[in-house]
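J.: Shown below is the structure under consideration.
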Amino acid sequence: MPVRVGRRAGHGFPSALTGGRIDGVDGLRALAVAVVMVYHLDADLLPGGAFGVDVFFTISGFVITRLMLAEFARSGTVAMGPFYRRRWLRLVPALLALCAVCAVLALTTRLPGFDDAWASIGLSATFLVNIVRAGQPGAYSGDTSLLAHTWSLGVEEQFYLLWPPVLVALLRWVRPRTVLIAAAVLCLLPVFWRWYLWDPTAAHRIYNGTDTRADQLLGGALLAIVVARLHAEDRRLAALRRWSGRLAWPALAVLALLVRYLPSTHPGAWTVPLYTVGFLVTAVLTATVLAALDLSPRAPLARILSVAPLVWVGRNLSYALYLWHYPLGRLLAELGVDTWHTPVTLAASFAAATASYYLIERPLTRRKRPKPATPQDTATPAGAPLTAAPAVRGGTAD
């Protein structure tokens, strides 16, 4: 059922009416999925590649919230049924196709990596991998190993179930300014929750929990609300444009250093700074880059990230690349592909992702699809979906 609200120009979010697809965001998504893929295939090359999933999370929160605000600003309603239908079509069929292929391999081969595939397939198809992993204080069990990377999809899907109804309730019952304040408060709560939970034995709980990673998605959501709230002539929007433009390159450089030098997923990296405030810091860095891409589309950074091949991959293949690279890497390793394992897996992943896009994702998302509130609606989670997601929007795949 659509949620109806009072009518006024922009319904308190005037800049939401002017938003379209941001090419630079798709380019950033492509870089994030590339980082995650390399990390999973050869962690020595990018020890901190798992941070690509953090970037996916923030992109996903930004894109989803931006989409909903655009619909709200245009019509004063948020049609939740069509919203969830689009999410389902964008994310689930491609994931089920991957699960089906893994099931066939489990039935028809004797490869060791597919011996215990059924639990992993079932948990992945229902977006529960992250919940199972969060409850394992020691080494992860083999129940999730085949499709372990889909933990980030679980985080994003669970966030999609919770945040849109909360945002809709806020849009309906409180003033736009209060929506912004509420989003900021919600963004800070996971930091205090992580402080409360922190213990080295709780590292898996913190890393995999939707509640403990929500600030990364809400960081993107908060940015979308801030930008949508300000008029084009507002001096605060001009200041945000100016400062995000100045800080985007340093923020991207810090993210690159994290990816290159700072492992985050093995016991040696389970530190208080990283597992408490560190996740929010990566969200702020990513949001800074996103703000610059949104508000300064003609700046050098946006132009670089808007190169056509990069945008096309980020827009159309990032989710499927995230889905397929991990099990393909395991499969090729067990088939004896050793010396050229990483490049062969990358090539196979691109082939599988292209087939997924043209045979599954594109036909389903274009069939009888209602006019979207903004073209960015087609974006996915991380390292995973939307945004993809997201480690090995959405994380994650997008």
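J.: Residue pairs, Cβ under 9 Å, 6 or more apart or interchain, first in the range 175-192 and closer than 22 Å to Thr212 by Cβ, second open to solvent by 40 Å² or more (accessible area, probe 1.4 Å) and of a type in the set (D, E, K, R). List them.
T.: Leu189/Asp211; Pro190/Asp211
J.: List the number of the failed condition for Ala228; all other conditions in (1) open to solvent by 30 Å² or more (accessible area, probe 1.4 Å); (2) small (Gly, Ala, Ser); (3) touching a Pro at 6+ places or on another chain (Cβ under 9 Å) hold.
T.: Only one criterion in (1) open to solvent by 30 Å² or more (accessible area, probe 1.4 Å); (2) small (Gly, Ala, Ser); (3) touching a Pro at 6+ places or on another chain (Cβ under 9 Å) is unmet by Ala228, namely (1).
J.: Tell me the residue from Leu364, Leu331 that is in a helix (DSSP H, G or I), modelled with pLDDT under 95, touching a Pro at 6+ places or on another chain (Cβ under 9 Å) and not hydroxyl-bearing (Ser, Thr, Tyr), please.
T.: The conditions single out Leu364.
J.: Still on this model: I'd like the full set of residues that are part of a helix (DSSP H, G or I) and charged (D, E, K, R), limited to the range 232-283.
T.: Selection gives Arg235, Arg236, Arg241, Arg242, Arg246, Arg260.
J.: With the structure loaded, tell me whether Ala79 is modelled with pLDDT of 95 or more and either surrounded by fewer than 24 Cβ atoms within 10 Å (Cβ to Cβ) or of a type in the set (Phe, Trp, Tyr) (or both) or whether it fails that test.
T.: no
J.: Residues that are open to solvent by 10 Å² or more (accessible area, probe 1.4 Å), small (Gly, Ala, Ser), under 26 Å from Leu331 (Cβ atoms) and not in a helix (DSSP H, G or I): does the range 43-60 have at least one?
T.: Yes; the residues of the range 43-60 include at least one that is open to solvent by 10 Å² or more (accessible area, probe 1.4 Å), small (Gly, Ala, Ser), under 26 Å from Leu331 (Cβ atoms) and not in a helix (DSSP H, G or I).
J.: Which pairs have Cβ atoms under 8 Å, sit 6 or more apart or on different chains, and link a residue in the range 244-273 that is over 18 Å from His40 (Cβ atoms) and open to solvent by 60 Å² or more (accessible area, probe 1.4 Å) to one that is at pLDDT below 90 and in a helix (DSSP H, G or I)?
T.: Pro267/Pro200
The values are calculated or read from the model by the stated rules, or taken from the named source; none is laboratory data. In this text the structure is predicted, and so the values were computed from the model without any measurement. Reconstructed Cβ throughout: ideal geometry from the backbone, glycine too, with neighbour counts over all protein chains shown. Each accessible area value is taken on the protein alone, full model and side chains, heavy atoms only, with ligands, DNA and RNA left out. Shrake-Rupley method; radii C 1.70, N 1.55, O 1.52, S 1.80 Å.
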